[in-house]
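Chemist: Just passing along the structure, written as structure tokens.
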Amino acid sequence: MSNLRGRKKSIIVISILIIVILKVLVARNFKGEVNSEVIKNNLKIRINECKFVYENMEESEEKYKKLLETEEESFKKGVYSSALVQFYIMKNDDEKIIKYGKEAVENYNKVKGGEYYSIEEKENLAWALFKTGKYSESLQKTSELIQIITSSGNEILTTDELKDTEAFVYSMLLCIYSKLGIFDKAELYYNKLCEIELTPQLQASKGDKIAMSKTIYAEEISDLDLMKKYAEECYEIRLMYDKEKGNKSADSVILNLAIANVKLGEFEVAIKQIKKSEEFFISVGDSDGISNTYFVYAQYYAKVNQNELAIEYYKKTINLYNELEDYYNLQLSVYEFIKFLKENDKKEDINKYYEIFYDISKKISESKDINELLSQIINKNYELNNNALELLENESKSDKRNIIIGGIVIIVLSAMVIRMDFLIKKKDESEKILEKVANTDYLTEINTRAYGEKLILDEINKNNKFSMAIIDIDNFKNINDSYGHIFGDVILKKIAKKLKESIDSKDIIARFGGEEFIIAFVGKDKDEAKEILDEIRIDVNNIIFEHNVKASFSAGIEEWDKTSFDLVIKKADELLYKAKREGKNKVVNR
């Protein structure tokens, strides 16, 4: 096995060298095609149009929309869309930033050097997508920026420009990992940002976003003093921008400072900041901002014991988030409202809000971005469900005393049992949905590696007979390189579906990583497993994908011989590489 691994490493090293050489050749050709002076001059045109926006806010929107209607040249259309992006940044309208940012990138991509013109738009897009909760799309734009950083060289982008983009990428990764609760990764990018020297240029171009990302990180790790520090820093930077451009965008970020002050008990300054934020969001018609402000109002009034106002603003928040279909923030606000009602012994219809919470949990569990939000949802869901049951138990004890006094024990106890039974069922249903999503690979819709291994270990612990197969799609990297990752994903999903449909329900299938799958054929020997996989392999060979592409896979099968999971995987892996060496599109057992 070590020799096989050694040869595999040699092949990988050679492949990497070939790729490096090809990249150098491509880069030489690319430099011949793209004139850096032309790009810099075009960037100046874009900068001048955006400067016009800052100086002429009242007429900018109408002007650039009209120009877009008549313009046919791709570069100019990109510039006009970029100008509108700047206009909507000033208006704090994230949906419009996303709309025109995508149009700008699409048009820039049609011209030589387009990736350089689109850098700032991709940054604006990544930030707006993150703010609107579209984490997967935000991460995609961040990945595209990473590709530009690693491939551009210094002939077009200066060292300072590369550092600016690098700092922005760290900021985005810090935001996303913080929101997902992946704090080891978040800490890594927080430290990287802290190591970066904030030059005047970087402070001017990215300072507010760097400070905002640190604010988000500090809030998520519950370091309120640190949160306040960075929120103040972000606000001060925005004030400086506003002084230069005659705008009031600082009021759009003051809400983070208000949140820190509410949590720190500095209520007098907090309420002024909340009102300032509300006035700004109302003036620009930002419904997301207004709903966020209502939520902070609710938390403020709860802290200062003005409970009726707290209830009023919690309800306003819930209604507005529901209208906006912002399910994550809706769930969070409902959760906080139930906690508030419970802590203050309020006689609101609390079961109504439990119902809302469970319904939202289901919607979120079925949404495309579940993988990004899952860790938060599971924690919140688990905590709230247990709070709900605890509350009912308390109600049950209290009701029993009242029932004995009133002489109607049976009737009310029956009602309490029905309520408890209903809520327990809802709790189990909700947690099962979330558990299923957590254990399912988002792309192929089969088990994740971790969950698949757990199921196989269960079979080992039961001493059940099974044969282990490792399956690898042949030439998958070439497919990705030739037709793109989206097309590669189509093949992955199709083959995963075919494998899943063709095996018994008791068999265990999981995505093992990249283009590899594992299957434990429970109760079957290696020959039976090979027969099944060979039939699937032939079926896959007969599928004709787009671009007239055909796919195949190779597999190795080892029968479990009462040893460890790792050993049976290792033996199956050796047989997989034997299948690869013998020409691929083959299933091999021992």
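Chemist: Take the alpha carbon atoms of region 504-578, find their center, do the same for region 172-235, and report the distance between the two centers in whole angstrom.
Modeler: Comparing the Cα centres of region 504-578 and region 172-235, I get a distance of 45 Å.
Chemist: With N denoting the number of residues in region 56-199, provide Rg(C-alpha) divided by 2.2 N^0.38 Å, to two decimal places.
Modeler: After normalising by residue count via 2.2 N^0.38 Å, the value is 1.11.
Chemist: Additional query: Compute the length gained on full extension between ALA450 and ASN351: take 0.36 nm times their separation in residues and subtract their Cα-Cα distance, giving the result in nm to one decimal.
Modeler: This chain segment gains 32.0 nm when fully extended.
Chemist: Can you pull the one-decimal nm distance between simple spin-label points at VAL269 and PHE565, each 7 Å off the Cα toward Cβ?
Modeler: For the pair VAL269/PHE565, the computed spacing is 5.2 nm.
Chemist: Could you put THR440, THR70 in order, starting from the residue whose Cβ has the fewest other Cβ atoms within 10 Å?
Modeler: So the ranking, lowest neighbour count to highest, is THR70, THR440.
Chemist: Once you have the Kirkwood Rh of region 501-590 from its Cα pairs, apply Stokes-Einstein at 25 °C and 0.890 mPa s and quote D in µm²/s.
Modeler: 177
Chemist: On a full-extension model of 0.36 nm per residue, what is the gain between ASP359 and LYS462, subtracting their alpha-carbon distance, rounded to one decimal in nm?
Modeler: Full extension of this stretch gives 33.3 nm more.
Chemist: OK, next. Answer rounded, prolate or oblate for region 45-136, using the Cα gyration tensor with square roots of eigenvalues a ≥ b ≥ c: rounded when a/c is under 1.5, else prolate when a/b is larger than b/c, else oblate. Don't skip to the answer; put the middle values down first.
Modeler: On the way: a/c = 1.75, a/b = 1.11, b/c = 1.58.
Judged from the Cα gyration tensor, region 45-136 comes out oblate (a/c at least 1.5, b/c at or above a/b).
Chemist: Through the Karplus equation 6.51 cos²θ - 1.76 cosθ + 1.60, θ set to phi - 60°, convert the phi angles of region 560-577 into ³J(HN,Hα) values in whole Hz; use x for Gly and Pro.
Modeler: 5, 10, 6, 8, 7, 4, 4, 6, 5, 5, 4, 5, 5, 5, 4, 6, 4, 5
Chemist: Non-local amide H neighbours of PHE466 (under 5 Å, H modeled in plane, Pro and chain starts lacking H): which ones?
Modeler: For PHE466, whose amide H was placed from the backbone, the distant partners under 5 Å are GLY523, TRP560.
Chemist: Which entries of LYS506/LYS530; LYS99/LYS185; LYS206/LYS276; LYS66/LYS243 have Cα-Cα distances beyond 19 Å here?
Modeler: Long pairs (Cα-Cα over 19 Å): LYS99/LYS185; LYS206/LYS276; LYS66/LYS243.
Chemist: Treat the count of other C-beta atoms within 10 Å as a stand-in for reagent exposure and order PHE517, PHE267 from fewest to most.
Modeler: Placing the least packed residue first, the sequence is PHE267, PHE517.
Chemist: Separate question: If we count other beta carbons within 10 Å of each Cβ, what is the order of ILE149, ILE182, ILE446, fewest first?
Modeler: Numbers: ILE149 16, ILE182 13, ILE446 22.
The fewest-first ordering by Cβ neighbours comes to ILE182, ILE149, ILE446.
Chemist: While we're looking at this one, here's another question. Report the gain in length on full extension from LYS494 to LYS342: 0.36 nm times residue separation, minus Cα-Cα distance, nm rounded to one decimal.
Modeler: Taking LYS494 through LYS342 to full extension adds about 49.9 nm, to one decimal.
Chemist: Here's a follow-up. So, with +1 on the Cβ of K and R and -1 on the Cβ of D and E, and no other charges, what is the size of the charge dipole of region 188-268 about its Cα centre, to the nearest 20 debye?
Modeler: It comes to approximately 280 debye.
Chemist: Can you compute the equivalent ellipsoid semi-axes for region 128-210, i.e. the square root of 5 times each eigenvalue of the Cα gyration tensor, sorted largest first and rounded to whole Å?
Modeler: 21, 15, 12
Chemist: With only Lys, Arg, Asp and Glu charged, each at its Cβ (+1 for the first two, -1 for the last two), find how big the charge dipole of region 449-589 is about the Cα centre; round to the nearest 20 debye.
Modeler: On the way: 25 positive and 27 negative charges, 35 e Å.
Value, rounded to 20: 160 debye.
Chemist: Suppose every K and R has +1 on its Cβ and every D and E has -1 on its Cβ; what is the size of the dipole of region 45-136 about the Cα centre, in Debye to the nearest 20?
Modeler: It works out to roughly 260 debye.
Each value in this text was obtained by applying a stated rule to the coordinates, not by laboratory testing. Just so it is clear, the structure is predicted and the values come from calculations on it, not from any experiment. When we count neighbours, we look across all protein chains shown, and the Cβ atoms used for this are built from the backbone with ideal geometry, even at glycine.
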